[in-house]
Amino acid sequence: MTDTASAPSLKQLALGDLEHELETTRRVLDRVPEQHLDWKPHAKSFSLGQLATHLTQMPFWVTTTITQDELDVAGAPRTEPLDTHAAIMRRFDDNVADAREALQNADESTFGNKWSLKAGDHVILSMPRLAVLRSFCLSHMIHHRGQLSVYLRLLDVPVPSIYGPTADEQ
């Protein structure tokens with residue numbers, strides 16, 4: 001028989017994963033050089049500033065996933081790229097604080113409830129909140145953080161430790 005008394009709750013699992021990834025993302029964002037915010041590795045790519053700004057929004061999506069039943073992106077204003085390193089870090093930290101508070105205050109039953117991402121009448125995805133936190137929020141953040149680490153490497157900015165030492169931090 002399995003002892004479930006010591007098993008972590010869904011909320012504890014969500015918080016543990018989130019904390020680790022947020023700390024790592026903050027380390028990478030902190031290396032973004034302000035003088036290169038307009039730089040792009042390719043014409044089809046985000047600029048460094050656009051990518052960094054996009055990463056600052058990921059914790060906001062955690063908050064939205066926990067506190068709302070859906071997000072309708074139809075007609076939502078586009079987020080303008082932040083234009084200073086300080087603004088990038090401030091936005092990220094503010095959104096992280098809100099995400100932590102939303103998760104701390106969430107009822108355990110919330111994590112199994114459906115959440116939907118919509119564009120008007122079109123449902124882009126609809127899954128339990130815990131699955132949205134894992135895929136749409138965390139995995140999406142990790143994906144873009146990986147892109148950002150490549151941008152830093154191409155700009156010859158030392159890449160911080162992510163899941164272990166980098167060539168710059170041994």
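The values are calculated or read from the model by the stated rules, or taken from the named source; none is laboratory data. Source: prediction; values computed, not measured. Don't worry about glycine lacking a Cβ; one is built from the backbone with ideal geometry, like all the others, and counts go over all protein chains shown. To get the accessible areas, we keep the full protein, side chains included, count just its heavy atoms, and leave off ligands, DNA and RNA. Shrake-Rupley method; radii C 1.70, N 1.55, O 1.52, S 1.80 Å.
The figures follow:
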| item | result |
| --- | --- |
| Region 119-170, residues that are of a type in the set (Phe, Trp, Tyr) and under 18 Å from Gln50 (Cα atoms) | Tyr151 |
| Qualifying residues in region 78-112 (those that are of a type in the set (S, T, N, Q) and at pLDDT below 95) - the one farthest from the chain's Cα centre (by Cα) | Ser109 |
| Pairs where the first residue, in region 84-95, is in contact (Cβ under 8 Å) with a residue 12 or more places away in the chain and the second is open to solvent by 50 Å² or more (accessible area, probe 1.4 Å) and basic (Lys, Arg), C-beta under 8 Å, 6+ apart | Met89/Arg26; Phe92/Arg26; Asp93/Arg26 |
| Residue match in region 48-63 (condition: surrounded by fewer than 20 Cβ atoms within 10 Å (Cβ to Cβ), closer than 29 Å to Gln12 by Cβ and in contact (Cβ under 8 Å) with a residue 60 or more places away in the chain) | yes |
| Counted residues, region 105-144 - those being farther than 18 Å from Thr56 by Cα and in contact (Cβ under 8 Å) with a residue 60 or more places away in the chain | 6 |
| Pairs, first under 10 Å from Ala52 (Cβ atoms) in region 26-42, second open to solvent by 80 Å² or more (accessible area, probe 1.4 Å) and not in a helix (DSSP H, G or I), C-beta under 8 Å, six or more apart | Leu37/Asp83 |
| Search result, residues across region 133-163 that are more than 10 Å from the chain's Cα centre (by Cα) and not in a loop (DSSP other than H, G, I, E, B) | Arg134, Ser135, Gly146, Gln147, Leu148, Ser149, Val150, Tyr151, Leu152, Arg153, Leu154 |
| Residues being hydroxyl-bearing (Ser, Thr, Tyr) and either out of contact with any Ser or Thr (no Cβ under 9 Å at 6 or more places or on another chain) or open to solvent by 30 Å² or more (accessible area, probe 1.4 Å) (or both) - total across region 133-162 | 3 |
| Count of region 7-25 residues which are polar (S, T, N, Q), at pLDDT below 80 and either open to solvent by less than 90 Å² (accessible area, probe 1.4 Å) or within 21 Å of Arg91 (Cβ to Cβ) (or both) | 1 |
| Selection count, region 99-112, where residues are within 11 Å of Leu10 (Cβ to Cβ) and either surrounded by 12 or more Cβ atoms within 10 Å (Cβ to Cβ) or out of contact with any strand residue (DSSP E or B) (no Cβ under 6 Å at 6 or more places or on another chain) (or both) | 7 |
| Some residue of region 73-85 being touching a strand residue (DSSP E or B) at 6+ places or on another chain (Cβ under 8 Å) and open to solvent by 50 Å² or more (accessible area, probe 1.4 Å) | yes |
| Residue within region 117-132 that is open to solvent by 60 Å² or more (accessible area, probe 1.4 Å), out of contact with any Asp or Glu (no Cβ under 8 Å at 6 or more places or on another chain) and within 19 Å of Gln35 (Cβ to Cβ) present | no |
